[in-house]
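S.K.: Here it is: the structure, laid out below.
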Amino acid sequence: MRKKIVAGNWKMFQNSFSIKDFIEDFPPLVADIDDIEHIIFPPFVYLNLFQAQNKIPYGAQNMHFEERGAFTGEISAGMLRDLGCKFVLIGHSERRHIFKETPEMLEKKILAALQDELTPIYCIGEKIEERRSGKTFEVLSSQLRDGLSEVRDLTKVIIAYEPVWAIGTGETATPEIAEEAHVFIRSELETIMPGISEDISVLYGGSVKPENTKELIKMKNIDGFLVGGASLKPETLAQISRFSVEEK
Ligand code: 13P
């Protein structure tokens, strides 16, 4: 179902004290904003702090595709469900590029997440050299097809377009560049599964902050944000959320 989402990917940041404060401080700041879903992705070891509250939906930043087994250091979709997760990030560029996750692994993860009734937020995006050499659409198309071709109901998946060159660099895609990619993504989704693309949320991520939220959210095909650095502080994330309702 297409809805507006403002999600925070905390990567390997925060600690139990800062998270307890966030869980207390964030909900009142967004209490009057009801048509946006807020989702937080903390590091695995802090998921239990979210399980102990019921105001902020949450998910994991990664998972393994097998249900169980001798996979030291890995965590399955069933285990995440057990901790109350409803969402999981799959294919974040840091997983693809630093941890060398392959398209085959990501497809298996998406299918395993859906099997366990987790909503995958599937992250895609081109590197700067791919954009410079005119390969952006080619890259996005193959990432979408590699990950989603076997999915039976695409409306159960959320897409996050995160151009690699915009992540953690302070350099956001212009609204026009982001919208162009989002339009392309929606048209690809339409060819993978006709009739559903208008029902899928497509988020933008990459140096999102309150200062650039208003211009980005005005774009017709941007349904919300996956925010890194600016999601760590409750006030900043709440500001992004507020601008996202005001300007849409
Ligand atoms: P930044 O917002 O810190 O650029 O990170 C974006 C991101 O990777 C979200 O998943």
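Read-outs: derived from the displayed coordinates by stated rules, not from any lab. Note that this is a predicted model, so its numbers are computed, not measured. Here Cβ is always computed from backbone atoms with ideal geometry, including for glycine, and neighbour counts include all displayed protein chains.
S.K.: Among the listed residues V157, V245, V183, which satisfies the condition of being among the β-branched types (V, I, T), more than 15 Å from the ligand (Cβ to nearest atom) and in contact (Cβ under 8 Å) with a residue 60 or more places away in the chain?
M.R.: V245
S.K.: Can you name every residue in the range 229-248 that is crowded, with 23+ Cβ neighbours inside 10 Å and closer than 15 Å to I167 by Cα?
M.R.: Hit for the range 229-248 is S231, nothing else.
S.K.: Going by what's in this entry, would E74 be described as surrounded by fewer than 16 Cβ atoms within 10 Å (Cβ to Cβ), in contact (Cβ under 8 Å) with a residue 40 or more places away in the chain, out of contact with any helix residue (DSSP H, G or I) (no Cβ under 7 Å at 6 or more places or on another chain) and acidic (D, E)?
M.R.: no
S.K.: Is it the case, given these coordinates, that I177 is aliphatic (A, V, I, L, M), more than 15 Å from the chain's Cα centre (by Cα) and in a helix (DSSP H, G or I)?
M.R.: For I177, the condition - aliphatic (A, V, I, L, M), more than 15 Å from the chain's Cα centre (by Cα) and in a helix (DSSP H, G or I) - is met.
S.K.: Go through L203, L237 for me and flag whichever is within 21 Å of H97 (Cβ to Cβ) and either assigned to a loop (DSSP other than H, G, I, E, B) or not small (G, A, S) (or both).
M.R.: L203
S.K.: Considering each residue of the range 207-232, count those that are within 14 Å of the ligand (Cβ to nearest atom) and either touching a residue at least 40 places away in the same chain (Cβ under 8 Å) or on the phi > 0 side of the Ramachandran plot (or both), and give that number.
M.R.: Counting residues in the range 207-232 that are within 14 Å of the ligand (Cβ to nearest atom) and either touching a residue at least 40 places away in the same chain (Cβ under 8 Å) or on the phi > 0 side of the Ramachandran plot (or both) gives 11.
S.K.: In the range 100-118, how many are outside any helix (DSSP H, G or I) and buried (at least 19 other Cβ atoms within 10 Å of the Cβ)?
M.R.: 1
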